[in-house]
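I have placed the structure first, in the form of structure tokens, so that the comments after it can refer back to it.
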Amino acid sequence: MNKPVSKVREAKLELYRKHGKIHARSVEGRFNRWRWGMVWFTQAIFYGLCWLPWESEAGRRQAVLFDIAHEKLYLFDLVLWPQDALLLAFALIVAATGLFLTTALAGRLFCGFACPQTVYTMIFTWIEARVEGDHLARLKLDRSPNGPRKLALRLTKHLLWAALAVWTAITFVGYFTPIRELLPSVAALSTGPWEAFWLIFYAAFTYVQAGLAREAVCQHMCPYSRFQGVMFDPATRNVAYDRQRGEPRGSRGVGHGDCIDCGICVEVCPTGIDIRDGLQYQCINCGLCIDACDRVMDRIGAPRGLIRFASENELSGRAGAGWRQRPRLAVYAGVLVAIAGLGAWTLAERQLLRVDVLRDRGALARETADGQIENAYTLKLANIADRPRRFHVTVDGPLPLKIVGDAEFAVGAGSLVPVSVTVATPAGEHLPGIVPIRFAVSAVDEPALRVGEASSFALP
């Protein structure tokens, strides 16, 4: 290849990598289809799930709702309380371990296909392309002087971005405030202070991150990109350039490899890197450079795979490592299975009734006119089930104890009800002091659902 052409291509790559915002060239291929498939899949869930109604014995409600005001999380038929925070911890550990395992196997697949930054950047870039044109038109528009056409295009783009960011914020807050109640309050500008804060914050966050920051998040802000390398080993498959096959670059012929140095792999990269320089932390393993290179290989009649998902071992011709040579995979998989199993067991053994017993601190004991000693208690009955129930309360201990008044109480679905219970024993038969007792609460319609809670009885 002659020097003037080489210099032109080098300047072209520098244009894509260093001058202002990166306007990636669009490309068709299997990885691009997979990426858009993930966009549709994730956003259909995010934007649609908050609108899904759910019928329960307690009535009709939103299927997924984080009801912070009432300290409950609704997940279809499942109702979680603050006491179930351990399940949330299990879910977070499983998610993190699954991410680590995926990274050890195939690099930053999550970043390239499912990360919210990637997903929303794709959506915002698609809007930009529909308004301003392809990558060359956008580059030209960036460098053109301000004028009516440029201002009109930019205003249209930013208005569409802002509309999408606002709707995204409304959807996000709609998982905490029922969205059918939130929309009228937003329209009437009568949202509460916390709702207003999160609507403004999340809309601005989405607009800035996906519309303005874009590739800068992956290049400079994302902490995951900085420590992902510790999870790699020579058998980890990443998007990689086959140097043995591609070098030296240039027009195909004697003495040259398959890489014709067209630079399209750089033009399509969302973060503006050159994959031919080797593994870089900015690479999000999206595979767009593979799609671009495969199309070029088809045109010049060369086999596909000059750029492909490959491990260091594969590129160097070494045999692949098995599980025994990759202990971190065994550790990640073992932790994943163990925590997932423990979480499933905890959920299966989760009691649908919780009881807390509080003594009346105002008067430890009182003696009645008919010769009884009474202690007053407050029992907090939490019905975790998604249907109303009645519960029967009994008390046992070394004294002849009985409950004075009502011993059966109704508790609504997913509700916590404090009830007052008075316990009595005959006076004069026991020495003064504190005697341990135990309350037992059982469901009237399901006696097997039974919870015991220890307390004490004061004798004057």
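Structural remarks
- For region 199-243, filtered to residues that are farther than 30 Å from Ala187 by Cα and aromatic (Phe, Trp, Tyr), the residue that is modelled with the highest pLDDT is Tyr241.
- Meets criteria (within 25 Å of Gly414 (Cβ to Cβ), open to solvent by 60 Å² or more (accessible area, probe 1.4 Å), among the aliphatic types (A, V, I, L, M) and modelled with pLDDT of 85 or more) for Leu358: yes
- Per-region count, region 388-417, residues at pLDDT 85 or above, assigned to a strand (DSSP E or B) and open to solvent by less than 50 Å² (accessible area, probe 1.4 Å): 9
- Flag: Glu446 does not match the condition of being open to solvent by 60 Å² or more (accessible area, probe 1.4 Å), under 13 Å from Glu367 (Cβ atoms) and either at pLDDT 90 or above or of a type in the set (D, E, K, R) (or both).
- Residue that is farthest from Ile284 (Cα to Cα), among those in region 32-63 that are among the basic types (Lys, Arg) and assigned to a helix (DSSP H, G or I): Arg33
- Residue within region 212-228 that is basic (Lys, Arg) and at positive phi present: yes
- Region 71-112, residues that are closer than 28 Å to Ala235 by Cβ, under 14 Å from the mean Cα position of the chain (by Cα) and open to solvent by less than 60 Å² (accessible area, probe 1.4 Å): Val94, Ala96, Thr97, Gly98, Leu99, Cys111
- Taken over region 361-387, residues that are open to solvent by less than 80 Å² (accessible area, probe 1.4 Å) and outside any strand (DSSP E or B) amount to 9.
- Subset of region 136-168 [of a type in the set (Val, Ile, Thr) and open to solvent by less than 60 Å² (accessible area, probe 1.4 Å)]: Thr168
- Checking each residue in region 57-87 for being small (Gly, Ala, Ser) and closer than 14 Å to Ser415 by Cα picks out Ala58, Gly59, Ala69.
- Residue match in region 288-311 (condition: open to solvent by 80 Å² or more (accessible area, probe 1.4 Å), more than 28 Å from the chain's Cα centre (by Cα) and at pLDDT below 90): no
- Residue in region 208-225 that is buried (at least 20 other Cβ atoms within 10 Å of the Cβ) and free of Cβ contacts under 8 Å to residues at least 60 places away in the same chain present: no
- The residues listed here are Thr125, Thr171; of these, the one that is part of a helix (DSSP H, G or I), in contact (Cβ under 8 Å) with a residue 40 or more places away in the chain and open to solvent by less than 10 Å² (accessible area, probe 1.4 Å) is Thr171.
- Test for Val239: is it part of a strand (DSSP E or B), open to solvent by less than 20 Å² (accessible area, probe 1.4 Å) and not charged (D, E, K, R): yes
The values are calculated or read from the model by the stated rules, or taken from the named source; none is laboratory data. Just so it is clear, the model here is predicted, and its values are computed rather than measured. Cβ: placed from backbone, ideal geometry, glycine included. Neighbour counts: every protein chain shown. When the accessible area is computed, the model is the full protein with side chains, heavy atoms only, and any ligands, DNA or RNA have been set aside. Shrake-Rupley method; radii C 1.70, N 1.55, O 1.52, S 1.80 Å.
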